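A.B. asks: Following this message is one structure expressed as structure tokens.
The values are calculated or read from the model by the stated rules, or taken from the named source; none is laboratory data. No experiment lies behind these values; they were computed from the predicted model shown. Virtual Cβ from ideal backbone geometry, glycine too; neighbours counted across all protein chains shown. With ligands, DNA and RNA removed, areas are computed over all heavy atoms of the protein, side chains included. Shrake-Rupley method; radii C 1.70, N 1.55, O 1.52, S 1.80 Å.
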Amino acid sequence: MTEPQLIQRLKDGDQHAARTLYDAHVDRVFRICYRFAGEDHLAQDFTQETFVRAFTKIDTFRGESAFGTWLGSIATTVSLNGLRKVKRFRGRETVLHDDLRASGGGPGVEPDVKAKLHRAVDELPTGYRTVFLLHDLEGYTHEEIGTMLGIKAGTSKSQLFRARGRLREALADHAGEWAC
């Protein structure tokens, strides 16, 4: 069964379709929520809230973007609003793993460099950080990010450019460690 068919069945009240859509998208939604929350239990709460909102408001999904993009938009909003409520922007320990392609942070990087990188990402303005996480870590396109956040693709590109610049500045004293 295709995703549009599953969405229509969900709109018609089919809970099996809801479970199938959930299973297909839960991993990516959780990753988005975890990128923002930095804590497993918060990410789980945000993921659950994302699906509750999505399935409750499924009649508002018009199919103008991919269902995954729509879910990503909801996950981003839920995560950002949730973080505002729990005041967890500072002092969290976000594990960014090795997929920080833009920063060069990979295996073998010293723990203090990773800690500095995590702090630098946390200290980015919300818009920069959101676009950085969605683009460089989750792989969304600028067009998808624009749809999720209600901004133009060009705005997404400029925020990513500025985010990367700030991260380069924050990690400039470690640049020699990655030089060949």
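A.B. asks: Just to be sure I understand, how many residues within the range 62-72 are modelled with pLDDT of 90 or more, among the small types (Gly, Ala, Ser) and surrounded by fewer than 22 Cβ atoms within 10 Å (Cβ to Cβ)?
C.D. replies: Of the residues in the range 62-72, 2 are modelled with pLDDT of 90 or more, among the small types (Gly, Ala, Ser) and surrounded by fewer than 22 Cβ atoms within 10 Å (Cβ to Cβ).
A.B. asks: Taking the range 127-149 as the search range and keeping residues that are modelled with pLDDT of 90 or more and surrounded by fewer than 16 Cβ atoms within 10 Å (Cβ to Cβ), which one is farthest from Ala37 (Cα to Cα)?
C.D. replies: Glu143
A.B. asks: Another question, if that's okay. Would you call Phe46 in contact with a Cys (Cβ under 8 Å, 6 or more places away or on another chain), part of a helix (DSSP H, G or I) and closer than 17 Å to Thr76 by Cβ?
C.D. replies: The answer is yes for Phe46.
A.B. asks: Also, quick follow-up: Which ones in the range 44-63 are of a type outside the set (Val, Ile, Thr) and in contact (Cβ under 8 Å) with a residue 24 or more places away in the chain?
C.D. replies: Of all residues in the range 44-63, those of a type outside the set (Val, Ile, Thr) come to 44-46, 48-49, 51, 53-55, 57, 59, 61-63.
Scanning the range 44-63 gives Asp45, Phe46, Glu49, Phe51, Arg53, Phe55, Asp59, Phe61, Gly63.
A.B. asks: Oh, and also: Got a sec? Which of Arg53, Arg84, Arg119 is at pLDDT 90 or above and assigned to a helix (DSSP H, G or I)?
C.D. replies: Unique residue meeting the criteria: Arg53.
A.B. asks: Restricting to the range 10-30, and then to whatever is in a helix (DSSP H, G or I) and open to solvent by 90 Å² or more (accessible area, probe 1.4 Å), can you tell me which residue is nearest to Thr69 (Cα to Cα)?
C.D. replies: Within the range 10-30, the match that is nearest to Thr69 (Cα to Cα) is Asp27.
A.B. asks: Kindly list, by first and then second residue, each pair from a residue in the range 148-170 that is without any contact (Cβ under 8 Å) to a residue 24 or more places away in the chain to a residue that is outside any loop (DSSP other than H, G, I, E, B) and surrounded by fewer than 14 Cβ atoms within 10 Å (Cβ to Cβ), limited to pairs with Cβ atoms under 7 Å and residues at least 6 apart or on different chains.
C.D. replies: From the range 148-170, the pairs are Ala153/Glu143.
A.B. asks: Can you spot a residue in the range 36-47 that is within 16 Å of Gly68 (Cα to Cα) and open to solvent by 70 Å² or more (accessible area, probe 1.4 Å)?
C.D. replies: No, the range 36-47 has no match at all.
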